[in-house]
Amino acid sequence: MLRCPSCLLLLWKPVTVSCGHSFCKPCLGGALPPRCPLCQERLKLLGVGTARCNVVLCGLLEKCVEREIRLAWLVAHVRDRLTRGDAEEALRMAQKGVELAPDASSLRLCRAEAFAALGQHQRALEDLDTVCKAEPGEHEGFFRKGKVLLKMGQRAEALMAWEHCLTLSPHFHPARREMEKILAEDAPQPCTAAAHPGVAHQGSTGPQVDEGSPVFPSSSPQVQDQEGEPADGRGDTEHGHGTATLSQPGRQQEPDTSAERQDRWLVDNEEETAAAKDTQPSLWELLSISDLECSLCIRMFFEPVTTPCGHTFCKECLERCLDHRPNCPLCKQSLREYLKDGNYSPTVLLQDIMLATFPAQLAQRRDLHQAEMAELSNLTNNIPIFVCTMSFPGIACPLHVFEPRYRLMIRRCQETGTRRFGMCIYEDGKSFADYGCMLEIRQIELLADGRSLVDTIGQRRFRVLSRGHRDGYNTADIEYLEDKKVAGEELQELQCLHESTYCLAQRFCEHGDLASRHVLMQHGPLPEKEEDIQVMPCGKGCSE
Ligand SMILES: [Zn+2]
Ligand SMILES: [Zn+2]
Ligand SMILES: [Zn+2]
Ligand SMILES: [Zn+2]
């Protein structure tokens, strides 16, 4: 799970890009690729100069995966590719590993192996020399060096390397066997080494074989002289653990019945890959809920989003912060561009981690959120009240929303799906009037800085029963108003009043002065006169 979708290795310096996917920073290249390698979404830096590491993910990785395990993982993966014959990919991975941890001999050995598999013997040799220098007491590097030298046709040097390997680990049979093989070949026919499939399978190295052989007799004793001192007392004690991440304990001791080194590596690879896999489940035991907590609400992340500066918050928590200031609440980095983009993609990996580690708590968190949403969806109790203007059923009411509390209110209306809130005018002494009208959001135009132009239309009228507050805005328990139906003389009177009022309104609209034009602009043209004024008891344009 903690793998990078790009290199398929354990994430290294994870960066969460704008689509919500996370990759190793080096995998994204210097800048940012134009599209996400996983979902192909167009990627944006959104106001930061370069991609920033995801702080939470880095912390999780740090906590879960110790460096040794991370390196072991990488080594196992390189080996895996080598076994599958994909030396190029193995080299690419090893290359990355060496870049990330230049001092890790295990990775350098892997890279050497990959180089050798690709026929780049000189480079393999350089790596092996580095390893031998860094760990002069380890036989592994010398053993491999011998093999590469042999492939290069330098048999004398190869023998020297193996000699040294045996001085370090006298019981390391593969080296002994390789030496015996060469010596056996050398005795009758000096030039057949290249033809031997088990030793020098690279045809191109054939002609060079001769060069090496004459040097051999003189160089062999030299090796022993030179390396006499470190070998003493080291071989037996050291070879047991070898390069911790690379060698399985006991490998050296096993009797070498198989002559094919490839087989040996195959076995090792499987063991090591399995070992690396085994470490995975226990990683989760290292995590606690506090590792997955939003720093704003101090609860487990809900719909975590990662800002371009690499900080992670619940989507809602971050939005509420951005209502007030377009800056990261933690590092103060400007998030103007991020806000403008308005695309808060959830951080996929974090969601996956939470689901894998704390499924019960995540479910609880989701239930809590749903309960909040249900409460916010109630359209008679604690309904949000926008205190601004007089509104009427069926009449458009465009609003410019800029106050943080109303941004939150409008967002909630959207999220709950009610798309409704109450509109009341201000009234001295009681914060808002006793009567108001529900408004339904028809369209929202979100502006770059978080303000919005909200197009609403009046729905039902209501009477306020009690007043309250929620997160800075007013709320009310309400009851909807219904017109009493009248008949006879009363209806006639009402009809007359309706006619005369409509005429007045018509005359006002036709007058064309500033006030009427303003009303026309705000609310649209005068509606048609109704045939039956009592047909809709809760107000014109209401379907309920
Ligand atoms: Zn990667
Ligand atoms: Zn993506
Ligand atoms: Zn939060
Ligand atoms: Zn930040």
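The values are calculated or read from the model by the stated rules, or taken from the named source; none is laboratory data. The model shown is predicted, which means the values in this text are computed figures rather than measured ones. Every residue, glycine as well, gets a Cβ built from its backbone with ideal geometry; the counts of neighbours run over all protein chains shown.
Just need a number here: residues in region 40-65 that are farther than 13 Å from Leu2 by Cβ, away from ligand 4 (no atom under 16 Å from the Cβ) and surrounded by 14 or more Cβ atoms within 10 Å (Cβ to Cβ). The qualifying residues number 3.
Taken over region 164-177, the residue count meeting the criterion of being surrounded by 23 or more Cβ atoms within 10 Å (Cβ to Cβ) and charged (D, E, K, R) is 0. The single residue among Cys36, Cys27 that is of a type in the set (A, V, I, L, M, F, W, C), within 10 Å of ligand 2 (Cβ to nearest atom) and either assigned by TED's automatic domain parsing to the domain that holds Thr347 or over 22 Å from Cys331 (Cβ atoms) (or both) turns out to be Cys36. In contact with a Gly (Cβ under 7 Å, 6 or more places away or on another chain) and within 14 Å of ligand 1 (Cβ to nearest atom) - does that describe any residue in region 49-57? Scanning region 49-57, I find at least one residue that is in contact with a Gly (Cβ under 7 Å, 6 or more places away or on another chain) and within 14 Å of ligand 1 (Cβ to nearest atom), so the answer is yes.
Just wondering, is there one or more residues in region 291-306 that are among the acidic types (Asp, Glu), over 26 Å from Arg470 (Cβ atoms), surrounded by 14 or more Cβ atoms within 10 Å (Cβ to Cβ) and away from ligand 4 (no atom under 16 Å from the Cβ)? Within region 291-306, one or more residues are among the acidic types (Asp, Glu), over 26 Å from Arg470 (Cβ atoms), surrounded by 14 or more Cβ atoms within 10 Å (Cβ to Cβ) and away from ligand 4 (no atom under 16 Å from the Cβ). Considering only residues in region 9-27 that are surrounded by 22 or more Cβ atoms within 10 Å (Cβ to Cβ) and near ligand 1 (Cβ under 9 Å from one of its atoms), the one that is farthest from Leu43 (Cα to Cα) turns out to be Leu10.
With free of Cβ contacts under 8 Å to residues at least 24 places away in the same chain, out of contact with any Ser or Thr (no Cβ under 9 Å at 6 or more places or on another chain), under 30 Å from Ala51 (Cα atoms) and part of a helix (DSSP H, G or I) as the only criterion, which of Leu339, Leu355 stands out? Just a single option satisfies the conditions, and that option is Leu355. Of all residue pairs spaced 6 or more apart or on separate chains, those with beta-carbon atoms under 8 Å, a first member in region 4-25 that is on the phi > 0 side of the Ramachandran plot and a second member that is near ligand 1 (Cβ under 6 Å from one of its atoms) and in a strand (DSSP E or B) are Lys13/Cys24. Among all positions in region 307-319, there is at least one residue which is over 24 Å from Glu41 (Cα atoms) and either in the same structural domain as Gly47 (by TED's automatic domain parsing) or more than 16 Å from ligand 2 (Cβ to nearest atom) (or both). Taken over region 76-88, residues that are of a type in the set (D, E, K, R) and over 11 Å from Leu118 (Cβ atoms) amount to 4. Residues in region 427-445 that are surrounded by fewer than 17 Cβ atoms within 10 Å (Cβ to Cβ) and assigned to a strand (DSSP E or B): 4 in all.
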